[in-house]
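Trainee: There's a structure below that I have some questions on.
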């Protein structure tokens, strides 16, 4: 039990603090065609059939956090095919725009306040 608590503490200590900061405000920002293509390529990099991926609800927002920082976040859903050729269902993806480039995050923060 003690070992589990220490492990959880170490995992949380490595997380980005802004992930847990409250979103004070958010506003949508447009994505260029180049950014959208880069987002799709990054998200589907490990897919079995990346060309068949379906995207929905892709949005970019600039968020102002309670700690005073600002971030540009990207969220959306992607659906891909398995080896049998069937779609597996939509799953969420997210990341941030850093210097105009999309960086995928496995543990990502929401794009908007809940």
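Trainee: Sorted from largest down, what three extents in whole angstroms do the Cα atoms of region 52-114 have along their principal axes?
Mentor: Principal axes ranked by extent give 48, 26, 18 Å for the Cα atoms.
Trainee: For the residues 75, 111, what sequence is obtained by ranking on other C-beta atoms within 10 Å, fewest first?
Mentor: 75, 111
All of the numbers you see were taken from the coordinates with simple rules; none came from a lab. Keep in mind that this is a model prediction, so the values were computed, not measured. A quick note on method: Cβ atoms are made from the backbone with ideal geometry, for glycine too, and the neighbour counts reach across all protein chains shown.
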